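First the structure, in the form of structure tokens, and then the observations on it.
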Amino acid sequence: MKPRLSIIVPYRDRENHLRQFVPHMQAYFARDKVDKDIPYRILIVEQAPGQPFNRGALRNAGFQLSREIADYVCFHDVDYLPLWADYSPVTQPTVGLYWGAEYRPIAEGRSDKAIRHNVDALVGGMLLIPTEQFIAVNGYANDYWGWGHEDMDLHERFARAGISYDRRKGTFRALAHDHEGYNLDGSASSIAHVNEKLLEQRKADTGVAADGLSNVAYEVIGRRSLAMNPAERAGPCEMVTVRFHMEPREDQLNALAQPLAQS
Ligand code: UDP
Ligand code: MN
């Protein structure tokens, strides 16, 4: 049997991106020469309204919901559409995003204000992982609320386990959005600072982290199939809505209450 892929997308309130992402992925997997034979499914893990967004915990929840039906997973952002990429099975964590991520606008419609990503050092966007390796490091941390650094934290977890990241230089089309990690002047936002400090503290950790996949606390409050293009040989696509039974910290809430600096 071919290794089965679950594409897990953390999601909330990006309707415009989701409307493009789902049909794009289905067309891509139906037609792409490299990827069309992969038995894939897409799981959009939507966070219920109320709390700050938590990408790591959403990905953990998505993994829990996929683990019986997948041999490897892909953590995918909704705002990158593959043009030439490679989703075939991996033997180590593998970043598939490269071209298309170099410059991103800080806010929608502000192409004059861009952040520059070092594409040779990306740790997210599109990340393929064999399921047993994700389990071995206890997945993502659950406490990076708001924006940022949970993907670097995962990178640290793998480094402690002696597992390095591989890279495939995929080409993607990026969709613009307002950026919570940066002020308009390009400096890091308050929440980015708070979560960066958290990451710095974690760098002193040793062994497998206690917090992660094993204790992500959530309930599924909704589940629905997303419409497919009947003309394509599409894999199943499902949206699951989850509510967390975990709380952000006070300093994260305070940072998120700060307005982004303008320029
Ligand atoms: N995301 C979302 N709603 C949000 C914030 C993030 O759906 O309010 C999801 C979405 O899949 C997005 C991913 O989380 O692509 C990564 O977040 P974001 O794009 O804000 O971070 P970036 O990588 O651009 O810094
Ligand atoms: Mn983005």
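Coordinate-derived values only; no laboratory data. Model, not experiment: these values are computed from the prediction. A quick note on method: Cβ atoms are made from the backbone with ideal geometry, for glycine too, and the neighbour counts reach across all protein chains shown.
Distance between the modelled labels on His245 and Met1, one decimal in nanometres: 3.1 nm (7 Å Cα→Cβ projection). Residues Arg55, Arg19, arranged from fewest to most other Cβ atoms within 10 angstrom of their Cβ, appear as Arg19, Arg55. About the centre of its Cα atoms, the stretch 9-89 shows a dipole size close to 80 debye [charges on the beta carbon of Lys, Arg (+1) and Asp, Glu (-1) only; nearest 20 debye].
Each of Glu132, Glu196, Glu68, Glu156 was scored by other Cβ atoms within 10 Å of its Cβ. Arranged with the fewest first, they read Glu68, Glu132, Glu196, Glu156.
Note on the chain: helix-only mean residue ellipticity at 222 nm, from DSSP H runs of 4+ residues weighted -39500 (n - 2.57) and normalised by residue number, equals -7500 deg cm²/dmol.
Each principal axis of the chain carries a Cα extent, and these read 47, 44, 37 Å when sorted largest first. Between Lys33 and Gln92, the FRET efficiency estimated from the beta carbon spacing at R0 = 22 angstrom works out to 0.40.
Projected over all directions and averaged, the alpha-carbon convex hull of the stretch 37-133 occupies 7.8 nm².
Multiplying the residue separation of Ser164 and His193 by 0.36 nm and subtracting their alpha-carbon distance yields 7.9 nm. Would you work out if the stretch 154-263 is rounded, prolate or oblate? Take a ≥ b ≥ c from the square roots of the eigenvalues of the alpha-carbon gyration tensor; rounded if a/c is under 1.5, else prolate when a/b is larger than b/c, oblate otherwise. Note, shape of the stretch 154-263 comes out rounded. Given +1 at the Cβ of Lys and Arg, -1 at the Cβ of Asp and Glu and no other charges, the dipole of the chain around its Cα centre is 760 debye to the nearest 20. Between Glu102 and Gln201, the simple spin-label model (points 7 angstrom out along Cα→Cβ) gives 3.9 nm. The stretch 120-184 and the stretch 18-62 have Cα centres spaced 15 Å apart.
Under a 5 Å amide H cut-off, with hydrogens placed 1.01 Å from N, Phe53 pairs with Gly146 among residues at least 5 apart or on other chains.
Based on every Cα atom in the stretch 77-218, Rg and the maximum pairwise Cα distance Dmax equal 15.7, 44 Å.
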